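The values are calculated or read from the model by the stated rules, or taken from the named source; none is laboratory data. Values in this document were obtained by computation on a predicted structure and should not be read as measured data. Neighbour counts run over all protein chains shown; Cβ positions are idealised from the backbone, glycine included. Quick note on the areas: whole protein, heavy atoms, side chains included, nothing else; ligands and nucleic acids left out. Shrake-Rupley method; radii C 1.70, N 1.55, O 1.52, S 1.80 Å.
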Amino acid sequence: MGDIHQTVSTRERTAELVALRESVEAGDAAGTERQRAKGKLTARERIQLLLDKGSFTEVETLRRHRASGFGLEAKRPHSDGVITGWGTVEGRTVFVYAHDFRIFGGALGEAHATKIHKIMDMALAAGAPLVSLNDGAGARIQEGVSALAGYGGIFQRNTAASGVIPQISVMLGPCAGGAAYSPALTDFVFMVRGTSQMFITGPDVVAAVTGEQVSQNGLGGADVHAEISGVAHFAYDDEETCLEEVRYLLSLLPGNNREAPPVEISEDPADRSCEALLELVPADGNRPYDMRRVIEEIVDDGQFIEVHERWATNVICALARLDGQVAGIVANQPMSMAGVLDIHASEKAARFVQLCDAFNIPLITLLDVPGFLPGVDQEHGGIIRHGAKLLYAYCNATVPRIQLILRKAYGGAYIVMDSRSVGTDLSFAWPTNEIAVMGAEGAANVIFRKRIAESDDPDATRAAMVKEYKAELMHPYYAAERGLVDDVIDPAETRAILGRGLRMLRTKHAELPARKHGNPPQ
């Protein structure tokens, strides 16, 4: 009697596996066309653009949900709407998860969340950056509170990984409700105009509660978050450019907080003279100029990536290389509000300083600041506590720190912007520097008020007193004579001097007092 069971060979089983994988990777054709109609790429196409060719290793490709009710038991697609794994960017390991909008609209359920938790744990254990490619409809309503608990697990892991590995959120579709909090917990948020939105409550809820009528993009589109709210650090016109910039940013970051950022030697000479700076920056402190031009002149090959370029534009935060070494640059921007510090600029710079300190990126601070912005709205908005955030960030930073004063450095803003008194390692100034409690005109009005008021010619007396104050307390060498700056330098030598300073400080080691954590101003 013959065997009623047919033996299936390993080769046949392997062929089944290959066919299954190919089917999963191809995905739903109709869903792909819907993505195309919206001007969006598929999750796998995005991963291919982000990672080095052929480097992606997927995890839990065949995972399926186990939920039932509301018809879910009849629909159990493999991957459960999220693709997870790791690959390389310029040869360095990067972990990634990408919502697949073609499956349940990328909505998060229990199995979906468990996959994300797993890849986040792997990234933290391996000490490598994590990139999330977000394109999802929020929690999977059919799974109820289990989906919400999945978000909680993501938030907890975002927080545990904060300051340990770089975390980058790339918004490539909708992100509503509690889902928006995960990107807010990460280090950088990228958005694409027209196709990505972030909001806690959507336009329909806003209209029902407040009566305000607004579109999805008007409420939480890329330009809104890049210019108004400050939620997005970068905004681009298309996914390809966006993902290329994510790759560039990763090339400037270390894998984790125990590593130094990668060094990339440039053919741009470390001791290159910057003669153009003598013309770029007017000696007259009241004349504006573009600080970006100064940064271009100083850094390797004139290349840098600006963080929050269109939000709080009165301060510039950028990552660049100087003599091959990555540095974070914080600089006042005289072209915007005369470079004054206000609530948003303080918040922007403070978080950037904290980021650089967390990931061993030296800090260069370029000063041309007339002070903090005066006004009732600023005081009532909490400029004291917001300005203190920047002060706290600098005082708490243990990475190499260099301060350079180009022109004005007045009052508390001078102290806050990494002055010698709050711990900068090196402080330099150009011969156009004016370091003082306040501008000469304001100081003369205070100190010589009575003399000016009693004078037969108040205007002439005021002018004379301004000149006297400048000569006594605001000449270019006043701070150097008192050891508050290490040297007054030729602007043309700026690149060479900053580079030498960074090389010397590469072996800096500083420790903070033992504590669970500080309690920074909020």
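Observations
- Hits in the stretch 317-367 - residues which are part of a helix (DSSP H, G or I), in contact with a strand residue (DSSP E or B) (Cβ under 6 Å, 6 or more places away or on another chain) and within 25 Å of residue 265 (Cβ to Cβ): 356
- Residue match in the stretch 285-300 (condition: outside any helix (DSSP H, G or I), in contact with a Gly (Cβ under 8 Å, 6 or more places away or on another chain) and aliphatic (A, V, I, L, M)): no
- Elements of type helices (runs of 4 or more DSSP H) contained in the stretch 368-418, each with 2 or more residues being more than 22 Å from residue 487 (Cα to Cα) and open to solvent by less than 10 Å² (accessible area, probe 1.4 Å): 383-396
- Positions within the stretch 484-503 being touching a Pro at 6+ places or on another chain (Cβ under 6 Å) and under 18 Å from residue 327 (Cα atoms), in sequence order: 502
- Residue in the stretch 154-166 that is part of a helix (DSSP H, G or I), farther than 25 Å from residue 86 by Cβ and open to solvent by less than 20 Å² (accessible area, probe 1.4 Å) present: no
- Comparison of 358, 349, 345, 331 shows that the only residue that is open to solvent by 20 Å² or more (accessible area, probe 1.4 Å) and of a type outside the set (Phe, Trp, Tyr) is 358.
- Qualifying residue in the stretch 225-235 (condition: more than 16 Å from the chain's Cα centre (by Cα) and surrounded by 16 or more Cβ atoms within 10 Å (Cβ to Cβ)): no
- Those residues of the stretch 301-328 which are among the acidic types (Asp, Glu) and crowded, with 20+ Cβ neighbours inside 10 Å, in sequence order: 323
- Sole exception among (1) farther than 24 Å from residue 407 by Cβ; (2) at pLDDT 95 or above; (3) not hydrophobic (A, V, I, L, M, F, W, C) for residue 217, by number: (2)
- Residues that are open to solvent by less than 70 Å² (accessible area, probe 1.4 Å) and either among the basic types (Lys, Arg) or within 38 Å of the chain's Cα centre (by Cα) (or both) within the stretch 14-27 comprise 24, 26, 27, listed in sequence order.
- For the stretch 446-461, the set of residues classified as of a type in the set (D, E, K, R) and farther than 22 Å from residue 436 by Cα consists of 454, 456, 457, 459, listed by residue number.
- All positions within the stretch 92-110 that are part of a helix (DSSP H, G or I) and open to solvent by less than 10 Å² (accessible area, probe 1.4 Å): 106
- For the stretch 45-64, taking the residues that are charged (D, E, K, R) and touching a His at 6+ places or on another chain (Cβ under 9 Å), the one that is least open to solvent (accessible area, probe 1.4 Å) is identified as 63.
- Screening residue 120 on (1) assigned to a helix (DSSP H, G or I); (2) within 26 Å of residue 220 (Cα to Cα) shows it passes everything except condition (2).
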